[in-house]
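*Asks:* One structure coming up, written as structure tokens, with questions to follow.
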Amino acid sequence: MIRALIVLSALTLVALCTGATTITPLQVWHLLLAHNPQDFVVWSHRFPRSLTGILIGAALGVAGALVQGVIRNPLASPDILGVTQGAGLAVAFVLLVFPGVGYLPFFSLLGGAAGAALLMAYNAGIFSPVRFALSGVAVSATFAGVTQFLLLTHPVEVNTALLSLTGSLWARGWPHLGLLLPLIPLMMVAMTLAKPLDVIALGEDTAHALGTRLRLVRWAAITMAVMLTAISVSVAGPVGFVGLVAPHLARRLVGGGHLRLLPTAGMLGAAILLAADTLGRGIAPPAEIPAGVLTAVIGAPYFLWLLFRTR
Amino acid sequence: MTHAIHVEGLTLGYDRKPVIADLTLSIPAARFTALIGPNGCGKSTLLKSVIRTMPPRAGRIDVMGQPLNAMSARALARQVSFLPQVLPVPEGITVRQLVGYGRSPHNNLWGRIRGTDRAKVDEVLARLDITDLAGRMVDGLSGGQRQRVWLAMVLAQNTDIVLLDEPTTFLDINHQVELLRLARDLVATGKTVVAVLHDLNQAFRYADHIVMLRNGGLSGCGSPDKMATTPMLREVFSIDACIHPDPECGRPMVIVRKP
Ligand SMILES: Nc1ncnc2c1ncn2[C@@H]1O[C@H](COP(=O)(O)OP(=O)(O)O)[C@@H](O)[C@H]1O
Ligand SMILES: [Mg+2]
């Protein structure tokens, strides 16, 4: 857990230094202390953007750990549940068909919940990890396809929409941080599920025998994961695979106890997204590669490997 | 005799056909009850209904004289513990962590292991002679070790009623006898033990009370002497066997006849 925190702090520093103009850590420190709204590099651009990345990455990591804990399926994550793309589709729909309506986090939540509900209903009562993952990928691909269709048929509004739907942190700043603030209490509330999730890992019978209210815990964990993911998607668009990879890495680092697993998954999720964003900014400045593209490039092969191993 | 568990008119099942139909049965308190019957006759299903994994279709279940559906999850977990027949392999937790989870009905929201909890965990680890496994990962244990570690978790829960589903399956003969003696020790301290056993001789020798199930329901229940009869074994297991007193302590011993 301490190691994950150190990695995250180091990455934050690198993120603040890297970009179209590279600056030294010492300069960063002075600029941060200055709180100068005229400072267009660190204080009003890279710093809030990094904070946005940290919050979103952490939310996705925690959401992934919640879903994996409650569904007891190594392939489960908010992306595979259809939450990420469902939320993305809802955001695209509102932006393109009803531009100017606003309330994006709300619609994102609706879309994410609909995606999760669809998948849970389809897999109700069946416990096959592979079937679950495959149907989730199919549902997600359908949502993504419809999103693409909307983008192609509404060329005029596409610019703003693309900004929200590419899974990117580009131009995210202080106003977006306000939208993300609910993530912090949500992640703290998620910690109360640590003990029931530990017990659920021992199987349904033991969870019952140890006094866990399984239905309530399942419901609470999925709801929280949907909310965390949907709020993230409403700001950055669908960022794939962070919610899948971060909990896996965290489990290797700190083991299966959720009291340490949940915060570690959060920190690693934050680190992954921040690293992807920094890399995307640093490869060929001033052009940028969206963070979501980079997480997918690393995450998709990892998912395939997991799928292969689960057989 | 008071009853630890009493079921009345109980019907249980997974799909349309019930596994157990209209079962009425009492489990005596502070006794060792052996639950025996052929594979697939519903022994596990019956135990699962007591911890509420398996909701009844009809009938009622009382635990210590209280109706089960009036008890909170936590209250039930402080009275009844359960060792499943199939043990999942939780990833990335140590034996000590696993055994500590047995304390969860007694500790707070965060599952913090306090002094009394730690003392109980140490006690059961020592009792089962697995203190040296405490730091090992559960996913790296052998089948028999895993079964004893899970049993430690169940004992750490420290409940008045202990349900064990095939607790001896993966154990060598030495540890099987250890387990049966442990069950006797628990009963001597006033606890109720119900165990699914497949070795009839072990059941008749160590248990106070025998419950025989066959497909669909109860064949009979009573003391080992009453239940260990040639017609009973023919009815339940379709075997032809004779019963002799065992030379060590005179309890019924089953010998299968030549075909
Ligand atoms: N999860 C399940 N879904 C459907 N049927 C089941 C399930 N578990 C057990 N059964 C069926 O219920 C019956 C009783 O099973 P069980 O209680 O496990 O038997 P026992 O423990 O006596 O061997 C069997 O016929 C079995 O096939
Ligand atoms: Mg069974």
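*Asks:* Can you find, within region B:34-66, the residue that is nearest to the chain's Cα centre (by Cα) among those that are at negative phi and away from ligand 1 (no atom under 15 Å from the Cβ)?
*Replies:* B:VAL63
*Asks:* Still on this structure: Just give me the residues in region A:97-115 being farther than 21 Å from A:PRO175 by Cα and either touching a strand residue (DSSP E or B) at 6+ places or on another chain (Cβ under 7 Å) or surrounded by fewer than 24 Cβ atoms within 10 Å (Cβ to Cβ) (or both), in sequence order.
*Replies:* Passing the criteria: A:VAL97, A:PHE98, A:LEU110, A:ALA113, A:ALA114.
*Asks:* Still on this model: Going by the conditions given, is A:THR229 of a type in the set (S, T, N, Q), part of a helix (DSSP H, G or I), within 15 Å of the chain's Cα centre (by Cα) and modelled with pLDDT of 90 or more?
*Replies:* Yes; evaluated as a whole, the condition is true for this residue.
*Asks:* Moving on. Do the conditions hold for A:PRO301, that is, is it within 12 Å of chain B (Cβ to nearest Cβ) and in a helix (DSSP H, G or I)?
*Replies:* When the stated conditions are applied, A:PRO301 does not pass them.
*Asks:* Another question, then. Of all strands (runs of 3 or more DSSP E) completely enclosed by region B:1-66, which ones contain at least 3 residues that are closer than 24 Å to A:THR206 by Cβ and within 16 Å of ligand 2 (Cβ to nearest atom)?
*Replies:* So the answer is B:32-36.
*Asks:* When you scan region B:145-259 for strands (runs of 3 or more DSSP E) that lie fully inside it, which ones turn up with 2 or more residues that are within 28 Å of B:ALA77 (Cα to Cα) and in contact (Cβ under 8 Å) with a residue 12 or more places away in the chain?
*Replies:* Ranges flagged: B:161-164, B:192-196, B:209-214, B:217-222.
*Asks:* Output the number of the condition that B:ILE51 fails; it satisfies all remaining conditions of (1) over 18 Å from B:ASP139 (Cβ atoms); (2) more than 7 Å from chain A (Cβ to nearest Cβ).
*Replies:* (2)
*Asks:* Also, quick follow-up: Could you say whether any residue in region B:229-240 is under 20 Å from the mean Cα position of the chain (by Cα) and exposed (fewer than 15 other Cβ atoms within 10 Å of the Cβ)?
*Replies:* Taking every residue of region B:229-240 in turn, none turns out to be under 20 Å from the mean Cα position of the chain (by Cα) and exposed (fewer than 15 other Cβ atoms within 10 Å of the Cβ).
*Asks:* Those residues that are surrounded by 20 or more Cβ atoms within 10 Å (Cβ to Cβ), in contact with a strand residue (DSSP E or B) (Cβ under 9 Å, 6 or more places away or on another chain), more than 7 Å from chain A (Cβ to nearest Cβ) and part of a helix (DSSP H, G or I), I need them from region B:69-99; list them, please.
*Replies:* B:VAL95
*Asks:* Right, another one. Do any helices (runs of 4 or more DSSP H) entirely within region A:168-226 hold 2 or more residues that are within 12 Å of chain B (Cβ to nearest Cβ), without any contact (Cβ under 8 Å) to a residue 12 or more places away in the chain and under 21 Å from B:VAL80 (Cβ atoms), and if so, which?
*Replies:* Here the list reads A:204-209.
*Asks:* Now for a separate question. Could you say which residue among A:ARG252, A:ARG260 is surrounded by fewer than 24 Cβ atoms within 10 Å (Cβ to Cβ), within 14 Å of another protein chain (Cβ to nearest Cβ) and free of Cβ contacts under 8 Å to residues at least 12 places away in the same chain?
*Replies:* The conditions single out A:ARG252.
*Asks:* May I pose another question? State whether one or more residues within region B:98-117 are touching a residue at least 12 places away in the same chain (Cβ under 8 Å) and more than 19 Å from A:ILE200 (Cα to Cα).
*Replies:* Yes.
*Asks:* Another question about this same structure. When you go through B:ASP199, B:ASP225 one by one, which is the residue that is over 16 Å from B:LEU35 (Cβ atoms) and either more than 16 Å from ligand 2 (Cβ to nearest atom) or not polar (S, T, N, Q) (or both)?
*Replies:* B:ASP225
*Asks:* Output the residue which, of all residues in region A:273-311 that are of a type in the set (Ser, Thr, Tyr) and at pLDDT 80 or above, is surrounded by the most Cβ atoms within 10 Å (Cβ to Cβ).
*Replies:* Result: A:THR295.
*Asks:* What's the total number of residues in region B:155-193 that are within 16 Å of ligand 2 (Cβ to nearest atom) and either among the β-branched types (Val, Ile, Thr) or within 12 Å of chain A (Cβ to nearest Cβ) (or both)?
*Replies:* 5
*Asks:* So if I check each of A:THR206, A:THR223, which one is surrounded by fewer than 24 Cβ atoms within 10 Å (Cβ to Cβ) and polar (S, T, N, Q)?
*Replies:* Only one candidate passes the filter, namely A:THR223.
*Asks:* State which residue pairs qualify: first residue in contact (Cβ under 8 Å) with a residue 40 or more places away in the chain and inside region B:43-65, second residue of a type in the set (Gly, Ala, Ser) and within 14 Å of ligand 2 (Cβ to nearest atom) in any location, beta carbons under 6 Å apart, and separation of 6 or more residues or different chains.
*Replies:* Every condition considered, the pairs that remain are B:LYS43/B:GLY37; B:PRO56/B:SER49.
*Asks:* Is one or more of the residues making up region A:272-283 of a type in the set (Ser, Thr, Tyr), within 16 Å of A:THR52 (Cβ to Cβ) and in a helix (DSSP H, G or I)?
*Replies:* yes
*Asks:* Within region B:100-127, which residues are within 28 Å of A:PRO74 (Cβ to Cβ), outside any helix (DSSP H, G or I) and facing chain A (nearest Cβ under 8 Å)?
*Replies:* Listed by number, the residues that qualify are B:GLY102, B:SER104, B:LEU109, B:TRP110, B:GLY111.
The values are calculated or read from the model by the stated rules, or taken from the named source; none is laboratory data. Not measured: the values here are computed from a predicted model. Cβ: placed from backbone, ideal geometry, glycine included. Neighbour counts: every protein chain shown.
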